[in-house]
Amino acid sequence: MDWLIEIFNTLIDTLGDVVPIVAVLFGFQYLVLKRPVPHLKQVLAGFVAVILGLALFLVGLERALFPLGELMATQLTNPEFLGIEGQGSWQDYYWVYLFAFAIGFATTIAEPSLLAVAIKAEEVSGGAIRPMGLRLAVALGVAIGIALGAYRIVVGDPIHWYILAGYLVVVVQTTYAPKNVIPLAYDSGGVTTSTVTVPLVAALGLGLASTIPGRSPMIDGFGLIAFASLFPMISVMGYAQLTALIQRVSKR
């Protein structure tokens, strides 16, 4: 019964979030463009599916993904599991880094928004950009970024030094990377922080900061998603630069 009440309340909240979007779209279509919506019944059915899907997804986050992410962080940082007394050193948390890398890679590969961008990139590039190659490059960047972010939480370093250094690398890469890949690389950093990746990454960061002695969930727990947005830009441009280098070498 509690499930049904939670789903109903979430459905009402989701409906309130989607109604403004529908109002803007239909308002411009009928009042500004002054044209009917093609296949109106299909469009309305699609909106209903979106509302139901979002409501069920949000309930799933609260019931499964958030608790599971925090549980994994708690178990992986348990001194008994690590075989340490107190906090230990950063080397003792290698299972945390491995889990952060794996969960970052897996969630990014499953990210619907990244799949949509990869398909469109293949269409507009005439097949020059392979969807799977792009998804793997982005997933690798997210995995490295989240693992590095987990390391930052463990050692307690200030986050701004990592972000500044990362964007410095992005600026340098932007100068030398193929021009047709730069906008796609910048967009890839945004699409990774979406429906699948964000809940687990946020739960992992908060769980780590809550269980590691001397860490603040507010100061140290948040910020992990910034790593997931930054490093895909580096990996996608690096992938394009490596591909261009291999092509130049093969032509010699």
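Compute the length gained on full extension between Tyr176 and Phe8: take 0.36 nm times their separation in residues and subtract their Cα-Cα distance, giving the result in nm to one decimal.
Result: 55.3 nm gained on full extension.
How much length would be gained if the chain were fully extended between Val24 and Leu52, taking 0.36 nm per residue of separation minus their Cα-Cα distance, in nm to one decimal?
Working: separation 28, 0.36 × 28 = 10.08 nm, distance 2.01 nm.
Gain in length upon complete extension: 8.1 nm.
Given a 10 angstrom Cα cut-off, can you work out which residue in Asp17, Asp220, Asp92 is the most mobile in a GNM of the chain?
Of the options given, Asp17 has the highest mean-square fluctuation.
Can you tell me the convex hull volume per residue for the stretch 99-252, based on C-alpha atoms, in Å³ to the nearest whole number? Display every interim value, and only then the final one.
Details: hull volume 15.8 nm³, N = 154.
Per residue, the Cα convex hull of the stretch 99-252 comes to 103 Å³.
Using θ = phi - 60° and the Karplus form 6.51 cos²θ - 1.76 cosθ + 1.60, what ³J(HN,Hα) does each residue of the stretch 169-184 get, whole Hz, x for Gly and Pro?
Listing the rounded values in order: 4, 4, 4, 5, 5, 4, 5, 10, 6, x, 4, 6, 9, 4, x, 5 Hz.
Just to check I understand the Karplus step: with θ = phi - 60° and J = 6.51 cos²θ - 1.76 cosθ + 1.60, what whole-Hz values come out for the stretch 225-240, glycine and proline as x?
So the J values, rounded to whole Hz, are 5, 4, 5, 5, 8, 7, 5, x, 4, 5, 5, 5, 5, x, 4, 5.
What list of whole percents do you get for P(r) of the stretch 1-52, with Cα-Cα distances grouped in 10 Å bins up to the one holding the largest distance?
Distribution as computed: 22, 42, 24, 10, 2 percent.
In angstroms, what radius of gyration and Dmax does the stretch 89-158 have, counting Cα atoms only?
According to the Cα coordinates of the stretch 89-158, Rg and Dmax are 15.2, 50 Å.
Leaving ligands, DNA and RNA out of it, work out the accessible area of Leu11 with a 1.4 Å probe and give it in Å² to the nearest 10.
50 Å²
Please label the shape of the stretch 1-138 as rounded, prolate or oblate, based on the square roots a ≥ b ≥ c of the eigenvalues of the alpha-carbon gyration tensor (a/c under 1.5 means rounded; beyond that, a/b larger than b/c means prolate, else oblate).
oblate
To the nearest µm²/s, what D does Stokes-Einstein give for the stretch 167-248 at 10 °C and 1.306 mPa s, using the Kirkwood radius over alpha carbon pairs as Rh?
Value of D from the Cα-based Kirkwood radius: 112 µm²/s.
Multiplying the sequence separation of Gln42 and Leu71 by 0.36 nm and subtracting their Cα-Cα distance, what value in nm do you get?
Using 0.36 nm per residue and subtracting the Cα-Cα distance, I get 6.3 nm.
Through the Karplus equation 6.51 cos²θ - 1.76 cosθ + 1.60, θ set to phi - 60°, convert the phi angles of the stretch 124-133 into ³J(HN,Hα) values in whole Hz; use x for Gly and Pro.
6, 8, x, x, 5, 9, 7, x, 5, x
Report the FRET efficiency, 1/(1 + (r/R0)^6), for Arg130 and Glu85, where r is their Cβ-Cβ distance and R0 is 51 Å, rounded to 0.05. Please list the in-between numbers first.
Details: r = 49 Å, r/R0 = 0.97.
With R0 = 51 Å, the Cβ-Cβ based efficiency is 0.55.
Compute the projected area of the convex hull of the Cα atoms of the stretch 121-165, averaged over all viewing directions, and report it in nm² to one decimal place.
Values: hull surface 15.9 nm².
Across all orientations, the stretch 121-165 yields a mean hull projection of 4.0 nm².
The values are calculated or read from the model by the stated rules, or taken from the named source; none is laboratory data. Bear in mind that the values here come from a model prediction, so they are computed numbers and not experimental data. Cβ coordinates were reconstructed from backbone atoms using ideal geometry, including for glycine residues, and neighbour counts include every protein chain displayed. Accessible surface areas use protein heavy atoms only, side chains included; no ligands, DNA or RNA. Shrake-Rupley method; radii C 1.70, N 1.55, O 1.52, S 1.80 Å.
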